[in-house]
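The values are calculated or read from the model by the stated rules, or taken from the named source; none is laboratory data. Everything quoted here is computed from the prediction, not taken from an experiment. Here Cβ is always computed from backbone atoms with ideal geometry, including for glycine, and neighbour counts include all displayed protein chains.
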């Protein structure tokens, strides 16, 4: 890509990272305040993210946000609603896995509490809409440094160009380099686990049922895709995960069948299999003068509850609403007092979810007999209390009055 010099074309908001968080933030900003100049800088080549073969669970609140942004109608034909969810707790060698907890797959007004959507479809739709809305896309570039100035921040790009912005948003992932450059420290730890992500086809239909099997090494989730296909999020100890993903196809299939079971008939792995290290990372601050963290750069949590992507959408919705409201009042969106509203809005929720997922992982990712009795009794009690189960479903719906407007299905 040729060198880019945008020093004479300042923007209001520059977003580092062109994944679903950066794209949804950029699109929400342009939908809410079309006069805002918004740019995305992403090191991946154009179209690379849209070729991601993985899939993600989109909770009801995130679905309403995508609908409010005008995208859900186009995404819906490629999505698979989750109509039911079951939870088991057993050992890998157990011949039977008793079901301790079941959830009907609906939130408010009968809408599914989640849909499975291919990542390529999601990012492709966001990208097309952002470009159409007027977001400037700089692919093959990354932010290498930035310096706060009076009234703006000077941003240096990897191609040698520079750009001035009122606000720099880091949506560059859990290992955010920009977070480090901003001097924002984190708290967290590794779990010594890796998440294996793969897709399988199977002989029998899943009927929209999602399954989470708590095994001693960690949760093994089977998430339904369109057709007789499912997405796997498979937690193992890191050394075991590395052995599994580098095994030959025959060995990989045997390991998979031990955990997947035979209730959906013969299974066949599809596409690549990858493993990602798992840990907890929480930023001590979400903002600094003319700088904000969004998505995994602010918080990376265990996938045991499937909430990582949805937390990122919540961040994007809250930050977009904060910036748009400031812009409508003629205020500078990069000032610390404006950004601290976003931090107050989102930090407690993310810390709370981080602690919940950390506790769940420690409770279930073991083979301790005493803990097994306690957790199985607890799951059984929850299963017998419909109102408590409704509260769990309601948390995914996120329809309360304190939620950002986009998550309630309202436009900015």
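Based on this model, can you work out whether residue 146 counts as closer than 27 Å to residue 15 by Cα and in a strand (DSSP E or B)? So residue 146 passes the test.
Table: residues versus (1) modelled with pLDDT under 95; (2) in contact with a strand residue (DSSP E or B) (Cβ under 7 Å, 6 or more places away or on another chain).
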{"position": "204", "(1), (2)": "no, no"}
{"position": "222", "(1), (2)": "no, yes"}
{"position": "265", "(1), (2)": "no, yes"}
{"position": "270", "(1), (2)": "yes, yes"}
{"position": "284", "(1), (2)": "no, yes"}
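Yes or no, residue by residue, for (1) at pLDDT 95 or above; (2) surrounded by fewer than 23 Cβ atoms within 10 Å (Cβ to Cβ); (3) within 28 Å of residue 284 (Cα to Cα); (4) in the same structural domain as residue 99 (by TED's automatic domain parsing):
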position	(1), (2), (3), (4)
152	yes, yes, yes, no
166	yes, yes, yes, no
178	yes, no, yes, no
209	yes, yes, no, yes
214	no, no, no, yes
218	no, no, yes, yes
226	yes, yes, no, yes
242	yes, yes, no, yes
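A single entry from 192, 160 fulfils the requirement of being surrounded by fewer than 17 Cβ atoms within 10 Å (Cβ to Cβ), within 23 Å of the chain's Cα centre (by Cα), touching a residue at least 40 places away in the same chain (Cβ under 8 Å) and on the phi > 0 side of the Ramachandran plot: 192. Being over 25 Å from the mean Cα position of the chain (by Cα) and at negative phi is true of residue 257. When the helices (runs of 4 or more DSSP H) confined to the range 54-137 are screened for residues that are surrounded by fewer than 20 Cβ atoms within 10 Å (Cβ to Cβ) and free of Cβ contacts under 8 Å to residues at least 60 places away in the same chain, those reaching at least 3 such residues are found at 119-133. One residue stands out among those in the range 352-373 that are in a helix (DSSP H, G or I) and exposed (fewer than 12 other Cβ atoms within 10 Å of the Cβ): the one that is modelled with the highest pLDDT, which is 352. If you go through the range 149-185 and keep only what is in a strand (DSSP E or B) and out of contact with any strand residue (DSSP E or B) (no Cβ under 6 Å at 6 or more places or on another chain), you end up with 149, 157.
The rows are residues; the columns are (1) within 18 Å of the chain's Cα centre (by Cα); (2) more than 21 Å from residue 325 (Cβ to Cβ); (3) not assigned by TED's automatic domain parsing to the domain that holds residue 305.
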site	(1), (2), (3)
15	yes, no, no
18	yes, yes, no
24	yes, no, no
37	no, no, no
45	no, yes, no
53	yes, yes, no
57	yes, yes, no
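Filtering the range 32-49 to residues that are touching a helix residue (DSSP H, G or I) at 6+ places or on another chain (Cβ under 9 Å), surrounded by fewer than 18 Cβ atoms within 10 Å (Cβ to Cβ) and within 30 Å of residue 334 (Cβ to Cβ) leaves 34, 35, 46. Checked against the criterion of being in contact with a helix residue (DSSP H, G or I) (Cβ under 9 Å, 6 or more places away or on another chain), under 30 Å from residue 155 (Cβ atoms), in a helix (DSSP H, G or I) and modelled with pLDDT of 95 or more, the candidates 315, 337, 349 yield just one match: 315.
Report, by residue number, each residue of the range 320-331 that is more than 23 Å from residue 23 (Cβ to Cβ) and either surrounded by 16 or more Cβ atoms within 10 Å (Cβ to Cβ) or out of contact with any helix residue (DSSP H, G or I) (no Cβ under 7 Å at 6 or more places or on another chain) (or both).
Filtering the range 320-331 for residues more than 23 Å from residue 23 (Cβ to Cβ) gives 329-331.
Hits for the range 320-331 are 329, 330.
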